[in-house]
Amino acid sequence: TSSKPPQEILDQLVEVLAANAVEFYQQESPYSLCCQANGKPQIVQFQVEICQVPRMNLHGLHFKRISGGVWNYKKVCSKL
């Protein structure tokens, strides 16, 4: 969680994804990205969304696996 504004969090997220060679594109929502990482055995696709924590003035990241192996997804998320 962070007290930074969502746009600043998004800018940092884009930097980290690019530094780790993760392909991404922005979805309909301005604070949601679809990502694709080349895990060793297979490709992992996932979604990252910046969301507001209920009843608090904080923002967090919500990760959701779309396709690919669970262990590869865990490795990619841990690396990020």
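Based on protein heavy atoms only, the stretch 1-66 ends up with 68 Å² per residue of surface accessible to a 1.4 Å probe. Across all directions, the shadow cast by the convex hull of the stretch 1-79 built on its C-alpha atoms averages 5.2 square nanometres. For the chain, carbon and sulfur atoms together expose 53% of the accessible surface, with a 1.4 angstrom probe and every protein chain in place. Using Cα pairs closer than 8 Å and at least 6 residues apart in sequence, work out the relative contact order for the chain, in percent. Relative contact order here is 27 percent. Using Cα positions and a limit of under 18 Å, work out the aspartates and glutamates in reach of Lys74, with same-chain residues fewer than 8 apart set aside. Reachable aspartates and glutamates: Glu23, Glu49.
The values are calculated or read from the model by the stated rules, or taken from the named source; none is laboratory data. As the structure is a computational prediction, the values presented were derived from the model and not from experiment. Heads up: the accessible areas ignore ligands, DNA and RNA and are worked out on the full protein's heavy atoms, side chains in. Shrake-Rupley method; radii C 1.70, N 1.55, O 1.52, S 1.80 Å.
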